[in-house]
Amino acid sequence: LRGAVEAVQGMTLAPLAIPAASALAVASLAVQGHADVETLGGPRPTSLYLLTIARSGERKTACDAPFMAALGEHEREQAHAQREAVLR
């Protein structure tokens, strides 16, 4: 994820930790429905719980947007495919 984090940081000029947290959050969201982690206590979700604390204007939303764009597009495509399947 390093290249993507550095690209978003370069576009937004936010502190590097902010786009890094955004990238980790979106990566976790993207895979959590596909795999679990096997622990001694049994399977657990691959979810991460992240909180970014920064002042207003430090580009938190601007860092989230590029990472979330691909997930939004995927959701739209899946919704369209599901509508088409139901209509058939």
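Descriptive notes on the structure:
- Of the candidates 37, 86, the single residue that is out of contact with any Asp or Glu (no Cβ under 9 Å at 6 or more places or on another chain), over 17 Å from residue 1 (Cβ atoms) and part of a strand (DSSP E or B) is 37.
- Hey, residue 64 on the phi < 0 side of the Ramachandran plot and open to solvent by 70 Å² or more (accessible area, probe 1.4 Å) or not: no
- Within the range 9-20, the set of residues being closer than 15 Å to residue 55 by Cα and either among the small types (Gly, Ala, Ser) or free of Cβ contacts under 8 Å to residues at least 12 places away in the same chain (or both) comprises 14, 16, 17.
- So residue 55, is it assigned to a loop (DSSP other than H, G, I, E, B) and exposed (fewer than 12 other Cβ atoms within 10 Å of the Cβ): yes
- Selection from the range 31-52 of residues that are open to solvent by 80 Å² or more (accessible area, probe 1.4 Å) and within 25 Å of residue 12 (Cβ to Cβ): 48, 49, 50, 51
- Residue match in the range 8-23 (condition: open to solvent by 60 Å² or more (accessible area, probe 1.4 Å), on the phi < 0 side of the Ramachandran plot and in contact with a Pro (Cβ under 9 Å, 6 or more places away or on another chain)): yes
- The one condition from (1) under 17 Å from the mean Cα position of the chain (by Cα); (2) of a type outside the set (Ser, Thr, Tyr); (3) not in a helix (DSSP H, G or I) that residue 15 does not meet is (1).
The values are calculated or read from the model by the stated rules, or taken from the named source; none is laboratory data. As the structure is a computational prediction, the values presented were derived from the model and not from experiment. All Cβ positions, glycine included, derive from the backbone under ideal geometry; neighbour counts span all protein chains shown. Just the protein is used for accessible areas: all its heavy atoms, side chains included, with ligands, DNA and RNA removed. Shrake-Rupley method; radii C 1.70, N 1.55, O 1.52, S 1.80 Å.
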